[in-house]
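Note sheet for the following structure.
All of the numbers you see were taken from the coordinates with simple rules; none came from a lab. All of these numbers come straight from a predicted model, not from anything done at the bench. Cβ placement follows ideal geometry from the backbone for every residue including glycine, while neighbour counts extend to all protein chains displayed.
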C-alpha cells in the first residue's frame, strides 16, 4: 500500500483502500500502454511492442478452418483485437485498420525437437498465449 506503483499494479485493491483510508501521498500516474511480446515470422523471434487499451475498438471471436491433421480435428479458436490506427477515433471504421489488428492464440508449447502426436491429442503439452499480427 505504501508503494507508489501499487495503484497501477492492483487498481481494484488500491481503490478499495483509498475509499477506506484515503489516497496515499506520492502516488504516481499509471502508464496506460501495456507491453507485450509479438511472435515474429522467424522461429523463436519476438518483438517487444506496446498496446494502448483505448485504441481497442472490439474483440472478435475467430474460428479457424479445420484441416486433415488429427490434432486439428477439434478446431482452433482465437480472439482478434480490433485496434484503431493512431489518431483514429474508436468506431466501426477501425475494422479497416487491418495492419493494427492483433490475434490472441493459445497454442501447445512443444519444447522438444520431436513432436508427439499422442501428447498433442491428449493435451499433454502446456498451452501458451501467442500475440500475432492479423495479416
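For segment 15-39, taking the residues that are under 22 Å from residue 51 (Cβ atoms) and out of contact with any strand residue (DSSP E or B) (no Cβ under 8 Å at 6 or more places or on another chain), the one that is surrounded by the fewest Cβ atoms within 10 Å (Cβ to Cβ) is identified as 29. Go through (1) surrounded by 14 or more Cβ atoms within 10 Å (Cβ to Cβ); (2) in a loop (DSSP other than H, G, I, E, B) one by one and return the number of the condition residue 94 breaks. With (1) surrounded by 14 or more Cβ atoms within 10 Å (Cβ to Cβ); (2) in a loop (DSSP other than H, G, I, E, B) applied to residue 94, the lone miss is (2).
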